[in-house]
Every structure is written in C-alpha cells, then in structure tokens.
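Note sheet for the following structure.
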Amino acid sequence: MNPVLELSGLSKAFGGLQVTRGVDLRVEQGERHLLIGPNGAGKTTLFNLIAGDFRSDSGRISLLGRDVTRLPTASRAQHGLARTYQIVTLFGKDTLLHNVMLALLGKSPRRWRHWGSLSDERTMTARAHAVLEAVGLGHKAALPLQQTSYGEKRRLEIAMALAQEPQVLLLDEPLAGLSAEERDTIRQLLGQIDRKITIIMIEHDMEVALAFADRITLLHYGEVILGGTREQVVNDPRTREIYLGH
Amino acid sequence: AAADPIRVGFLTVKSGALAAGGKQMEDGLQLFLKERNNMIAGRKVELFVADSAGQPAITKTKMQELVEKNNVQVIIGPLAAFEALAVDDYIRKAQIPVISPSAAAEDLTQRKPNPWFVRAVGTSAQPTQPFGEYAARELKYKRIAIIGDDFSFGHESVAGFQRTFEENGGKIVQKLWSPLNVADYGTYIGQINPKVDAVFVSFAGGNGLKFIKQYNEYGLKGKIPLLASMTAVDEGILKSMGDEALGVISAGWYAATIDNPANKHFVQGMNREYKQDPGYYALGAYSAGLILEQALKTVSGKIEDKPAFMAALRNVQVAGDPRGLLKLDALGNPIMNVYIRKVERKDGKLVNSIIKTYPDVSQFWTYSRKDFLAAPVYSRDNPVAANLEK
Amino acid sequence: MKRALLFIFIALLAILPWLAGSDYYTNLASQALIAALFALSLNLLVGYAGLTSLGHAGFLGLAAYSSAWLMLNLQWDQASAAAAALAGSTVVAGVFGLIALRASGIGFLMITLALGQILWGIAYRWASVTGGDNGLSGISRPHPFGFDLGPASHFYYFTLLVFLLVWAVVALWVRSPFGASIRGTRDQPRRMSALGFNVWLIRWITFTISGFFGAVAGLMYVYYQQFISPHSLALANSAEMLLMVIAGGPATLAGPVVGAALVVLLKNIASGYIDRWIMLLGFVFLFIVLFVPNGIVPGVAKLWQRWQQRRRHKEERA
Amino acid sequence: MSFWLIQSLNSLALGGVLFTLAAGFSLIFGLMRIANLSHGAYFMLGAYVGLSVITHGYGFFAALLAAGLAVGTLGAVVERLVLRRLAGNGLGQVLATLGIAFIIADFSLWAWGGDPQPVDAPAFLAGSTRLFGQVFPLYRLGVLGFAILLAISLWLLLDKTRLGMMIRASVDDMQMARGIGIPASRLFTIVFCLGAALAGIGGVIAAPILSVYPGMDADMLPLALVVVILGGLGSLAGAFVGSFVIGFIYSFGQALFPDLAYIILFLPMVVILAVRPRGLFGRIAA
Amino acid sequence: MATNLLELDNLNAFYADSHVLHDVSLALAPGKVLALLGRNGAGKSTCISAIAGFVPPRSGRVLLAGIDLARSTPEQISRAGIGLVPQGRRIFGSLSVRENLLVASRKHTPAGRRCWTCDDVHAMFPRLRERQHQLAASLSGGEQQMLAIGRALMTNPSVLLMDEPSEGLAPQIVREVGDVLEQLKSQIAILLVEQNLGLAMKVADDVVLLNTGRVVFAGSNADFRQQQAQLQSHLGIT
Ligand SMILES: Nc1ncnc2c1ncn2[C@@H]1O[C@H](COP(=O)(O)OP(=O)(O)OP(=O)(O)O)[C@@H](O)[C@H]1O
Ligand SMILES: Nc1ncnc2c1ncn2[C@@H]1O[C@H](COP(=O)(O)OP(=O)(O)OP(=O)(O)O)[C@@H](O)[C@H]1O
Ligand SMILES: [Mg+2]
Ligand SMILES: [Mg+2]
C-alpha cells in the first residue's frame, strides 16, 4: 500500500527555537493515526506544516503521492487535505449553513463564479444541510454562529472539514472543552467517518483517542520519539514517562 | 428695471489652506462697497458670497449656484488660478461676466483668452519681466540663483525674471523648485551656490515667511542679497515678518506705499476697517470693484444689456485705481505700473518702499504680442536655462 | 419591504430633474451620483474585502487624466479615449494590487496611501503632460448615440443610467459565490486558505475590479467637471470617499450611496448657509459614529427592526 | 563636502522634528491600536495654543506647558466620550478621528485666522552657531536634543513602569485585564491624553521651524503616518529611527533627485512596505 | 458564617433578557476546593463571570470575607483578592510570557496572602521559564493554560476561580495541575469548574452541581459520590 501522507526530515524553527526536528512519518490510506505528546511538543506546528500554514525549513511533504512541500495552503486543500483548528476559527457573523457552504464552495470550481447567488446553488445547499444533519446540527442551520455554544462550534469545525470530502483529515483536539455528553456525540461522529478517509488526530483525552487510533506517534520537543501500533506505543515505558506520567 | 439691485457674485475661499487670501479679498471688496454705501452707478448691489474652499470641484458647483440659483449678473472671483481654469468652460457656456481679483495664470489672458473674463490683477510674469531687467541693469547682478514654489505661479514668475535677466546679460546659474508643502527649507538653503550675486525667490502664501526666516537663520542674510516676487513679501504676510525681511527687493504692480490720493484713501480705509495694510488680494478685489463700477457707469447701470456691459468691461479705464491709471489690453489684462520695492521699517512697521517705477507695463513687456503668443507658455523649463552650473 | 424602498428610490431619481426646479439641483444630483459611484467601487474593497484603502482617488486621476490627454493631445474620439482610459486604469490597478496586497490592515492602508500620493505627485510634477497644478481644461462631454450631454438634465440621466448599471452589477457581484468568498477572506483569511480558496488572488481580483469601477467613476467625474487637476487626486479626496463609505455603512449596497449623498449635499448646500461648514461636517461624522457606529444604513435598519419588534410585541399583547 | 555636511545636519534636525511629531502618534498606535487620524490636528492646535501664549508674553516654556495641557485635556475628553465606545471598530475610529480633525482644523481657522504665523524660538536658542565651519540654526540643534530626551523619557516610562505592558494587555483583552486588577479604562484615558499632549507639545517645538498655518495638520499627518509605519508598528524605537531615516531620505532625496521631490517620501515607503510589511523595526505585522 | 471566605447568596444573572443564573447560592471555606459541575451551558462560566464582575449580577450578593462585591468593578474585585483562570485561557497574546506574569503582579498585598513571583510560577511550570521571552500568542494550547494559571497566581489571590483549567492539557500535566491544586489549597480557597470529573473528584472537598442555572446539588465530595448515580443526568453523562 502507498502512504497517503509521507513526511521526511521535516524541520521548523521559530527564531532560535527548533520546534520540529527532522520528523519522518508515514500514514497509510484509511489509517486512524493519533499524534500525542506533551504540551508544546510541536503537534499543532506539525499540522500547520502539513496544511501549509507554515513553510518548513527543510524536509519534504508528500500528499497522495505528490510533493506538496512548496505548495500554498489552498492548493493542498484542493489536493484533498482538510483540517480543524485547535482554537475555533469560523465565520462568526454568518449562519452555520453559510459556514458549511463556504467549505463546499472552496472545493468547487464555482467559487470563481461572478454571477448567480450562493444560496441558489441547490445541490450545494442540500449537501450542506446533509452535513449539518450528520453532525446533529441540522436544526440550527439558520442560526448565526455567534449564538451557538462552544460544543456546537467544535462540531461545526468537524462538519466543515468533512463537507470538503477530504482524503486526509487533520483533527486538532476535537474534544477539548466538551462535556461528557458532547464528547460522546463527537466520538460517534468520528466512528462513522468513511474508512476511505485517512484521519490524523491530536487529542489529549486518552479514553476516546486510544479507542479510536490504529497507530500512534509520540512527539517530544519536536522529535518523533516513537511510532507504532496502539499497543506498542501505549505499552512503551517512554509513553508513560513523557506523556501519561504514571 | 433700474430699481432692482445689481446681483453680484463673489467667489472666494473661506475654509481650508487658502482662506487667508480669501479673507483679504473679502475685506477689500467689502471696503469698496461700504465706501459706496452699497450703491454702484446709482443701483443697489446685492452681494452673494460663496466659499469654494480652494477646491476646483467645489468652485464649479459654487459658480453654478451663483449663476443658476442666485441669478447673479457678474462674478468677482475666484482666488486661485486652478480654480479659474476649472470654471473656464463653464464661464463660456453660461456667458457670465467674470472679473478676476487674483488668479494670475498667464494663459487666462494669453493663449486661451475667454471673452467673458477680465482681470483686475496682472499675470504672474508681468512684474518679474521688468524686474529681471532691473536686476541686470540697475543692480548689476551677473549671477543669480533661483528658488521657487514648484507650481504654475512659481514657474511663470521665475520664467519672466529669467528671460529678461539673461537677455540683459545676466546668468541664472541655479534653479531650485521646492514643493508647495515642503516641511523645511533647510535642504534648499543648504544647496544655494555661495558664488552668486543674489538669490531670487518666488513664493506664494506663507512660504515666503518661512523661507526668509530660515534664510536668515542659516546666516545668508547680509551675505547674499535676496530678490523676491511680489507675493513673497506681500503686505498680507509682511505684517507677520520681522527684521529678517529688511532689505528684500521685490517687484509688483502694487505697494501699500504708493503715493497717490486714491491709494492713500484705500490704505486708510483698510487700516480703519481691518487694521492692516492692503496687499495683493485686498487690492485685487477692491480694484475689481472699481472696474465693475467703471463699466457700469459706462452703460449707465444697465447691466441687463449684457453685450454692452461686456464691451464696457473690456474697454474699461480706471483713473482712480490705487495703482494709478489702469486700462485693459485687448485680451482683458491690465496695463499698469510695475513698482520695484524694498522692505524697510517705517514707523515701526515693515513696508514695501518704492525705489523705482516702470510705467504702463503690459503682460507682454516690451515684446511684440504676436511673437510672445506664438511661443509656448512660460513654464518650469521654458525659457530654457542655458547657464545652469552643477 | 426592501424592494418597495428600492423602487421608490429609483422612481424618485427618475423624476428628480422635474422636482429640482433648477439646473443647479440637477447638477448637484449628478455630482452625488458620481460620488456614489466612487463610494460603491471603494466599498468593494473596504466593506466586502476588509481592505481599507486611502488611495482610491488615484483611479479617478488615472481615468480622468488619460482620457483627457488622449482627447486633447492625440485628438482621439470620446469612445476610444474612454475605452483606453478604462483599460489603462484597470491595468494600473492590477499592478498596484500586486504591490499593495503584500500587506493587509494598516500596512495596506499605508501602501495605498503612498501609491495615491505618488500618482498625485506625478500629476502635479509632470506638467508637460498633466498641465501641473493648472490641470487640463477644455474637455468635452461625449455624445453617446448622438445624445447631447451638455444640458444638466441630459447629463443627469446619463449619469443615472451609468449609476444604476454599476449598482446592479455590483449588487449581483457581491451576491455571487465569488462575492461570498470575498467576504470570507475578510472575516477569516486563514480559514479560507485552509478551505482551498486562493485568498491572495481573490483579493487581487477584487482590488482590480474596484479600480475598474473607480475608473468608471473617474470618467464620469471628468465628463461632469470638464476639467481635471491634481487637487482631485489629493489625499483629502481619497479620505472623503472613504468617509462616505464608512458613514453610510460599509459592506452594504445602500450605504455608500447614502454616505455619498450626505457628504455631497453637506459640502455644497450647507456651505451656502454657514461659514463653518467643515466643522459641521466633522460634527456630523462624529454624530454618526456615536449613534450608529456601523454606519447610517445598518443603524437605521436596526432601529427599524427594533421598532417592528416592539410593535409586534404590542400587537401580541393586545 | 559642505553639501553633505549641511544636509546631514538638516536631516538630523528634520528627524528631530519628525520624532516630536510622531512620538505621540506612535504611543497611541503602538499601545492602543488606534490610528489617530486627528494627530495632525492636535499638533497644529498645540502650535496655535503655544502661539497665543507667546504673543501674550508668557514665553516659550509656558507655551509648551499650555499646549500640552490644553491638547492633552482635549485628548482625554475625546477618549472618554468617543473613542471608548469604538473599541475594535477600526472603521468607526477612522470616521471619528477624521471628523475631529475637521472640527479642529476649522475651529483653528476661525479662532486664529488664515494668516501663516511665525513663532520665535526661545531666546537662548535663537540665532545660529558655527558647526564645522557651517552656519547652522541653533534652535534646530535644540530640537534634536529635545527629540533624544523625549525618546529616553518615553522609553523609561514604558520600560521601567508597567504602563506599556498594562495597556497592551488591556488592548488584547480589556475585560480580562480588568479581571486581573488593571484599571484599563483609566489607563486608556491616560495614554490617549499623553499622546495628545505630546502632539500639542510637538506642535510648539516644531513651530519656530515650520511656522503655524492652516493646512499644517494635513501636511503633517501623512508624515507622522510614514514615520510610524516605516519605523515599525508598535515600536517606539522604530518611530525614533524611522524619524531620522525619513529625515535623511527627505533632505537628501529632495536635493539629489529634485524631479522626485513630491514622491520622494512615498516611493521608498512603498518599496520597504512591499518587501517588509511590518516596517523596519516592527514586531507586529502591519 | 464568618468561616466562609466566599459566599454567593441568591445570585441572579442575565445576558440581556435571558435569565441564566437562578438564585444560585454556595459557600467556600478557606483551605477548601469547591467543584462546580454541570453540562455544557449549565451556567458555570456565567457563575464565575458574575463573581469576577464581568457579568454584574442583577440581584443577590457575592461576599468575600463578609464584604459584598456584587456591585464592584472587575478591577476592584481582583484587588480584593479574587484570582481568575478564565475559560479559553484569554492570555494576552501580544505580550511575552514573562510580561503576562509581570503585568498581573502586585507590589502591595494585604497581610496573610502569599506573595507570588515569576520564579514561583516557573518552579511550578518549568515550561514557562523556557518560553519566557516568546509572545504568548505563539504558545501551544497547553502552555497557554499554564500561563493563565500562573497569571492568576501572580495577583496573590485568597480565592482562586478556575474555569476548566485542564482543558487541552496533556494527561501528565493534568495530573500535575491536580497536585498543584492540592498544594495551593492549603493557602487559598479554590472554586473549580471542571469537565474532567476525575480531576475534580480527586481534589474537591465539596461539590455544587448546576443545571440550567439552578443548583441541583450541594454537598460534600463523599455525598456527591454516593448520589452520583441519581445525578448523572445533570452531568450530561448518558
Ligand atoms: N510562532 C511561533 N513562534 C515561536 N514559538 C512558537 C511559535 N509557534 C509555536 N511555538 C512554540 O513551539 C512549540 C510547539 O507548539 P505547538 O503549538 O505545536 O504545540 P502542541 O504540541 O500543539 O501543544 P499543545 O498540546 O499544548 O497544543 C511550543 O513550545 C510553542 O511555544
Ligand atoms: N455572552 C453571552 N450572551 C448570551 N448568552 C450567553 C453568553 N454566554 C453564555 N450564554 C448562555 O448562557 C448559558 C450559560 O452559559 P455558560 O457559559 O455559563 O455555560 P457553562 O456551564 O460554562 O458551559 P461550558 O461547559 O460549555 O463552558 C448558555 O445557555 C449560553 O448559551
Ligand atoms: Mg496544539
Ligand atoms: Mg464554561
């Protein structure tokens, strides 16, 4: 099997601070990959490198068999990558529906259309409703985002990423700040995602995350300490020492 | 009917950076009307004042307002040359007689004459043409450096000076143009070639004030004599200057010190009403009033007879103008005396004393009108300065 | 509701020359429409793309000077001069966009200010082409299909036609999917690129189109004034256009029009009655920002909504 | 030789003037993130107030004090009544500050008339001195000295007190700042008042060189913007260095490239900002 | 009565017209940790905001050592000795890490309250020392959380309000935060809002459970454990 995402020797420094150090990572198609590591280990930074928000200093990123190291963020998205943000980054004044519509539009050539109206795009609107329905936000589609709760915003983050029908999905702490009930909703949601989609997730809630992951990579000070199957990593003493702390 | 008042529009500047000149213009015109009890040629005058803010677009709207809404029969104004140019087309189309109290752009009465437009003041170069000759022949200067405001008035007045100065054997060895809104003249003063006989400056507005002060601070006063355009030491700003201005020689068609009854009357009036000596703007507006009065008298107050009134306007001769006898040439520009003036202190205040008079100077100086008009208009590089040194 | 308002508004505009009584007011209305064209074009940048520009008067200058120069010096006919001026200005807008969009926020504002000042400086200094501060005069108005634009009402209808056309195009454009993405780049540029939008390109296209409509307004301006000088490109003029947009309500279709009408009327009518009209203008701006901080149109709409709600409440209770 | 020398001195002096102009703007912008477009008007108002004080015979230092107090008070009032309600509304701030600039400009025209007015330097700095064989106005050296002094005091104020930190924290999150005990509301007023007072004082300092005239506000505002943006947003050091960079560009540019005199400030600015959007010393992206 | 350091007495709070807190009362004794629990949207953060003065209560009293603070401004409340770790961290992004701490520090503190320094905070979160000159906005999520806690301590509070301090923290750090809370509680009283039930139960002495803005349970940790089965629905655990 070919890896859908392959990082080799990826490095990034901010000023004098080396945040990512020669990271090598292979993720196979359909894999559920968990990225763990202490706070500040460089997990979010790695996502930013993969998504193109930051340019790597050295190393290579290949996505679905194509070298994307020098491609801008938007092109990577077009190429099949989608992500959520650790800190909610949404369109606050618009409705939930419009948020999802934008996600759909981003992957459609119609985004260059200078005429017509977004709300007249029937198929797109139907898709958007379907996606919202799927994450349990169907009844709130017409609500402005500002009037929704934190948990709903987090779900919308995921909905927008899913709407883009990505081949590779990056989830940055999708469960943070959610109550037990909402965690459960999202866990189910994640479980339902098509196995064709490859998912890489950062999450500190081990209960949910471990159940979800096939393979795990442990980062520490920007370096890959350890990678392997769930059992290998969980049972490795370094995981306990660096990350779990017991 | 003769019982109706004459409707006069006055287009001035009351807000923005040019408001000082606008105020002086208004003072001059108001004095004129007051002296006549608001009656000209036996008819009452109704004055409509409009503020153009010194912006061409507003000038045009205000002109329209005066003509279309207030139905004025004649307009005195506007202040700036670019304002006059902005409404040039409109004046032709609306066929409204306009007496310009201030705008000095050459072409308004030269290559683009407007049949409805006459001028109470001269062209930019009208006083500097004799001045160039004066500097060469009487002051015997050979080498002069020039600094001027980098806009049309500066270009034109400098060109006139340069032309006659060089034709009389002088050399303009340096020409510097400073932007109108320059923060500081230090840069320019620092560049002045020390090996010149004099510096000629052409500034308008407040720039003369700033320059002359800094010229002194950089130690050049007393070392290199300063010659100036009319506006650089105009009475309107001379009142704000100090000793640094003493000795500056300039040329203009007016000075508050002109010794004739009409001017004494005018200066007294201005001092009585507004506590200041008149200068360029006040004289221009006052004189525009005189021209209007003279023309109206010729047609016995019948301003409604437009062709007759316009003809009278273009052939006007004012005997009692503060400048002396004033008549208009065929293009609507005054033929008048030009005075060489020197800043002195008299009775505690700075004045422009007259040291020489060139009588009956035309905008074409001593050149033939035909040749003059055949050449392109004066500008930054015309005539070419052939003797610049670097 | 909105439609009815729009219809009444257009009907009023159509019969305005009869209502006006004198050419003076008709001309004022033409000026207000031209100012509204500027504000509409600037609003694309300021309101929809969130890029505050202080150089928009530059496009006025580009279009006005180039068409005037082509007609006066090369004796081009009106239509070709207009086409060339629009094309030229749009190309320059494209190039300026390349430079200005290196930054956003206040940096963008400063670069556009600087670019505007450079155009102003050129207009001022390159006197052999632009006539320096004396400007270019003697510019004639076009005769579209033999229609004489000399009389005030004729010119007004021509302006109205252009205005309605531009307004309709702008209205359609901001509704389009592309319009939605422009607003997206304003609110969350980072998220937009992650969603696959080329944020830079979207902004650049918007900048260029805004420049194009600015040039259209510039043409109308020079047709109206029949004169162009550097004063029309001054920073104060760019600032005034910006104030129209902000006062009326950025990112609304009606806001720039209301703002433009307000400023034009205050400037030209109030100044006939009081000397301190600039101060009045300042107080009006302050008043607007204090009572309807998001602009007149959104502010009034909100008041209207609240009033409706209250009425409904009362009815329910009754 | 003497050309380079005198122009360098001019550049330094102009840099000094520019810093007195830009310091207040930089302070307000750097700390409060408000682009105070009435800064030029405050500057001019200060100069006019100073002028009045001097013509009434109270001397230059009284003029400085009066201008600082008057304009500072105005700034405090404006902050309390207007800007306070516009936190985070950048476009609203543009409208409000330009509106205030209109009011001040027109008020000054009404109160002081349209004539340009000279202001005399204080007696001990009047006249000229010889520097390396060149006559140079003493007052300009004084301004240079003042600018340096001003820079040091501001630096001390912001660095040695926690004022700067507290303000920046309040701008980031006003409510949270209050939640850890920062009297944010009072601080905003103080900083805006201080920035306005600096503008007023700057106006008096610059008046003997620039003189006072209507339109001074509009001439000066772009210069303040250029200095602060070029030097780098939110950096006092940037504003300081920016002032002198602009001073040199302006003086030498006008002398060496007279044809570019009108655009000499803006051309380099476009280039610099296009290459480095955060300015020469900026910490924050513009 | 005097034994309670912080006491809420029939507090009612609103967002515009919506009534969010209904007659909430609770009491916190010195040296204790009170866990405030409830599902998303129950009103926990609103309760914290009401105490901190962000959402001034419309009626009721907030007593700190017997003094009513319900009408005081946030800065007065902070100076009276209430420290805040808000939900979502809300660190000052354009300040450096060190400045975030310094800006909160106090020179004068009434006797009896501990005087915290940067070094104390660094000792607790060594990571912050490594990052002290970095802009806080560029900190990782977890680092920001540590900074928010450190900042609150720098105000030398006698009562600490903590709104979901474990959000986004790695398990090891969560454990450490638990230890820190144990440590702190000997010195100050803590009002802790948590979604992480494990952490809450580990450190809390007492528990208050909110549901749609009303107190549905108030009692000791032990009581809570006993009744947990009945209370599950209020916690949002299905
Ligand atoms: N722009 C930046 N400048 C300087 N340092 C940065 C920048 N961005 C991140 N860092 C540092 O890089 C390190 C890695 O940050 P990152 O956000 O990737 O951590 P993380 O693994 O996602 O942690 P967490 O679990 O807490 O979210 C952190 O120590 C952070 O302070
Ligand atoms: N700024 C606000 N304006 C209006 N309503 C608000 C606001 N903040 C919160 N609410 C509403 O008040 C209620 C209580 O919110 P609060 O934030 O206190 O809940 P919480 O218990 O802290 O939830 P979570 O566990 O998600 O943090 C919710 O219904 C929420 O929608
Ligand atoms: Mg992270
Ligand atoms: Mg909460």
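The values are calculated or read from the model by the stated rules, or taken from the named source; none is laboratory data. Small disclaimer: the values here were computed from a predicted structure and weren't measured. Cβ placement follows ideal geometry from the backbone for every residue including glycine, while neighbour counts extend to all protein chains displayed. Note: accessible area is taken over every heavy atom of the protein model, side chains too, but ligands, DNA and RNA are not part of it. Shrake-Rupley method; radii C 1.70, N 1.55, O 1.52, S 1.80 Å.
Can you pull out every residue in the range B:287-321 that is part of a loop (DSSP other than H, G, I, E, B), surrounded by fewer than 18 Cβ atoms within 10 Å (Cβ to Cβ) and free of Cβ contacts under 8 Å to residues at least 60 places away in the same chain?
Matches in the range B:287-321: B:D305, B:N315, B:A319, B:G320.
Can you tell me which residue within the range D:176-198, out of those that are touching a Ser or Thr at 6+ places or on another chain (Cβ under 9 Å) and not aliphatic (A, V, I, L, M), is farthest from the other protein chains (Cβ to nearest Cβ)?
Per the stated criteria, the residue is D:C193.
Taking the conditions exactly as written (β-branched (V, I, T) and either within 21 Å of C:V169 (Cβ to Cβ) or within 14 Å of chain D (Cβ to nearest Cβ) (or both)), does C:I34 satisfy them or not?
Values: β-branched (V, I, T): yes; either within 21 Å of C:V169 (Cβ to Cβ) or within 14 Å of chain D (Cβ to nearest Cβ) (or both): yes.
Criteria met by C:I34.
I need the full set of residues from the range E:21-53 which are within 11 Å of ligand 4 (Cβ to nearest atom) and not in a loop (DSSP other than H, G, I, E, B), in order please. Give the steps one after another, and end with the answer.
Within the range E:21-53, the first condition is being within 11 Å of ligand 4 (Cβ to nearest atom), and the residues that meet it are E:36, E:38-49.
Correct list: E:L36, E:K44, E:S45, E:T46, E:C47, E:I48, E:S49.
Could you list, ordered by first residue, the pairs with Cβ atoms under 8 Å in which the first is in the range C:87-111 and farther than 15 Å from C:W204 by Cα and the second is among the charged types (D, E, K, R) and open to solvent by 40 Å² or more (accessible area, probe 1.4 Å), at least 6 apart or interchain?
Close Cβ pairs satisfying both conditions: C:G107/D:R278.
Do we find that A:A209 is within 23 Å of C:R190 (Cβ to Cβ), surrounded by 20 or more Cβ atoms within 10 Å (Cβ to Cβ) and of a type in the set (G, A, S) in this structure? It would help to see each step written out before you state the result.
Values: within 23 Å of C:R190 (Cβ to Cβ): no; surrounded by 20 or more Cβ atoms within 10 Å (Cβ to Cβ): yes; of a type in the set (G, A, S): yes.
So A:A209 does not fit the description; no.
All but one of (1) farther than 30 Å from E:S45 by Cβ; (2) assigned to a loop (DSSP other than H, G, I, E, B); (3) without any contact (Cβ under 8 Å) to a residue 60 or more places away in the chain hold for A:G177; which doesn't?
(1)
Looking at D:L149, D:L210, D:L138 in this structure, which one is out of contact with any strand residue (DSSP E or B) (no Cβ under 8 Å at 6 or more places or on another chain) and open to solvent by less than 60 Å² (accessible area, probe 1.4 Å)?
Selected residue: D:L210, the only one of D:L149, D:L210, D:L138 that is out of contact with any strand residue (DSSP E or B) (no Cβ under 8 Å at 6 or more places or on another chain) and open to solvent by less than 60 Å² (accessible area, probe 1.4 Å).
Restricting the first residue to the range B:54-69 and requiring it to be more than 13 Å from B:K14 (Cα to Cα) and open to solvent by 10 Å² or more (accessible area, probe 1.4 Å), which pairs with a second residue that is at pLDDT below 90 and hydroxyl-bearing (S, T, Y) meet a Cβ separation below 9 Å and a spacing of at least six or different chains?
Taking only residues 6 or more apart or on different chains, the pairs are B:E68/C:S22; B:K69/C:S22.
So, restricting to strands (runs of 3 or more DSSP E) that lie completely within the range A:1-79, which ones have at least 1 residues that are surrounded by fewer than 18 Cβ atoms within 10 Å (Cβ to Cβ), within 14 Å of another protein chain (Cβ to nearest Cβ) and near ligand 1 (Cβ under 9 Å from one of its atoms)?
On the way: elements: A:3-14, A:17-28, A:32-36, A:58-63.
Counting at least 1 such residues, we get A:3-14, A:17-28.
Out of curiosity, is E:G93 within 16 Å of ligand 1 (Cβ to nearest atom), closer than 28 Å to E:Q134 by Cβ and open to solvent by 30 Å² or more (accessible area, probe 1.4 Å)?
Details: within 16 Å of ligand 1 (Cβ to nearest atom): yes; closer than 28 Å to E:Q134 by Cβ: yes; open to solvent by 30 Å² or more (accessible area, probe 1.4 Å): no.
Judged against the criteria, E:G93 is not a match.
Does C:A254 satisfy the criteria of being buried (at least 24 other Cβ atoms within 10 Å of the Cβ) and in contact with a Phe, Trp or Tyr (Cβ under 9 Å, 6 or more places away or on another chain)? Reasoning before the result, please.
Values: buried (at least 24 other Cβ atoms within 10 Å of the Cβ): no; in contact with a Phe, Trp or Tyr (Cβ under 9 Å, 6 or more places away or on another chain): yes.
In short, no.
Right, D:G232: at the interface with another protein chain (Cβ under 9 Å from one of its Cβ atoms) and on the phi > 0 side of the Ramachandran plot or not?
Values: at the interface with another protein chain (Cβ under 9 Å from one of its Cβ atoms): no; on the phi > 0 side of the Ramachandran plot: yes.
Here the answer is no, as D:G232 does not meet what is asked.
Please work out which one of (1) more than 16 Å from ligand 4 (Cβ to nearest atom); (2) closer than 30 Å to E:L26 by Cβ; (3) among the small types (G, A, S) is the condition E:S138 fails and give its number.
(2)
Does at least one position in the range E:9-27 carry a residue that is among the aliphatic types (A, V, I, L, M), within 16 Å of ligand 1 (Cβ to nearest atom) and free of Cβ contacts under 8 Å to residues at least 60 places away in the same chain? Reasoning before the result, please.
Of all residues in the range E:9-27, those among the aliphatic types (A, V, I, L, M) come to E:11, E:13, E:16, E:20-21, E:24, E:26-27.
So of that shortlist, the ones also within 16 Å of ligand 1 (Cβ to nearest atom) come out as none.
Within the range E:9-27, none of the residues are among the aliphatic types (A, V, I, L, M), within 16 Å of ligand 1 (Cβ to nearest atom) and free of Cβ contacts under 8 Å to residues at least 60 places away in the same chain.
Identify, from the list B:A183, B:A135, the residue that is more than 18 Å from B:L373 (Cα to Cα) and at pLDDT below 95.
Details: B:A135 fails: at pLDDT below 95.
Only one candidate passes the filter, namely B:A183.
Can we say A:I225 is of a type outside the set (F, W, Y), more than 10 Å from every other protein chain (Cβ to nearest Cβ) and either within 16 Å of ligand 3 (Cβ to nearest atom) or part of a loop (DSSP other than H, G, I, E, B) (or both)?
Working: of a type outside the set (F, W, Y): yes; more than 10 Å from every other protein chain (Cβ to nearest Cβ): yes; either within 16 Å of ligand 3 (Cβ to nearest atom) or part of a loop (DSSP other than H, G, I, E, B) (or both): no.
The answer is no for A:I225.
Could you check the range C:272-287 and list, in sequence order, the residues that are at the interface with chain D (Cβ under 7 Å from one of its Cβ atoms) and open to solvent by less than 60 Å² (accessible area, probe 1.4 Å)?
Quick first cut of the range C:272-287, residues at the interface with chain D (Cβ under 7 Å from one of its Cβ atoms) only: C:276, C:278-279, C:281-283, C:285-286.
C:R276, C:I278, C:M279, C:L281, C:G282, C:F285, C:L286, listed by residue number.
Looking only at the range A:94-131, filter to residues that are open to solvent by less than 70 Å² (accessible area, probe 1.4 Å) and in contact with a His (Cβ under 9 Å, 6 or more places away or on another chain); which one of those is nearest to C:G196 (Cα to Cα)? Break it down stepwise before answering.
Within the range A:94-131, the first condition is being open to solvent by less than 70 Å² (accessible area, probe 1.4 Å), and the residues that meet it are A:94-108, A:111, A:113-114, A:116-118, A:121, A:124-126, A:128, A:130-131.
Among the residues that remain, those that are also in contact with a His (Cβ under 9 Å, 6 or more places away or on another chain) are: A:97, A:100, A:118, A:128.
Numbers: A:L97: 18, A:V100: 13, A:L118: 17, A:A128: 17 Å.
Residue satisfying both the conditions and the ranking: A:V100.
Got a sec? Which of A:A82, A:A130, A:A142 is assigned to a helix (DSSP H, G or I), more than 16 Å from ligand 2 (Cβ to nearest atom) and modelled with pLDDT of 90 or more?
Values: A:A82 fails: assigned to a helix (DSSP H, G or I); A:A142 fails: assigned to a helix (DSSP H, G or I).
Selected residue: A:A130, the only one of A:A82, A:A130, A:A142 that is assigned to a helix (DSSP H, G or I), more than 16 Å from ligand 2 (Cβ to nearest atom) and modelled with pLDDT of 90 or more.
For the range A:80-90: of the residues being facing chain C (nearest Cβ under 9 Å) and out of contact with any Pro (no Cβ under 8 Å at 6 or more places or on another chain), which is surrounded by the fewest Cβ atoms within 10 Å (Cβ to Cβ)?
A:T89
Report the residue count in the range B:242-257 for those that are open to solvent by 10 Å² or more (accessible area, probe 1.4 Å), part of a loop (DSSP other than H, G, I, E, B) and more than 11 Å from chain D (Cβ to nearest Cβ).
Of the residues in the range B:242-257, 4 are open to solvent by 10 Å² or more (accessible area, probe 1.4 Å), part of a loop (DSSP other than H, G, I, E, B) and more than 11 Å from chain D (Cβ to nearest Cβ).
Hey, could you check the range C:118-135 for residues that are buried (at least 22 other Cβ atoms within 10 Å of the Cβ) and among the aromatic types (F, W, Y) and say which is farthest from D:D259 (Cα to Cα)?
C:W120
Please go through the range C:187-199 and pick out each residue that is surrounded by 24 or more Cβ atoms within 10 Å (Cβ to Cβ) and either in contact (Cβ under 8 Å) with a residue 40 or more places away in the chain or aromatic (F, W, Y) (or both).
Listed by number, the list holds a single entry, C:F197.
Take C:F212 and tell me if it is touching a residue at least 60 places away in the same chain (Cβ under 8 Å), more than 14 Å from chain A (Cβ to nearest Cβ) and part of a helix (DSSP H, G or I).
Numbers: touching a residue at least 60 places away in the same chain (Cβ under 8 Å): yes; more than 14 Å from chain A (Cβ to nearest Cβ): no; part of a helix (DSSP H, G or I): yes.
No, not satisfied.
Tell me, please, whether a residue that is away from chain E (no Cβ under 14 Å), more than 16 Å from ligand 1 (Cβ to nearest atom) and modelled with pLDDT under 90 can be found in the range A:170-188.
No - not one qualifying residue is present in the range A:170-188.
For E:S138, state whether it is over 14 Å from the mean Cα position of the chain (by Cα), within 15 Å of ligand 1 (Cβ to nearest atom) and within 14 Å of chain A (Cβ to nearest Cβ).
yes
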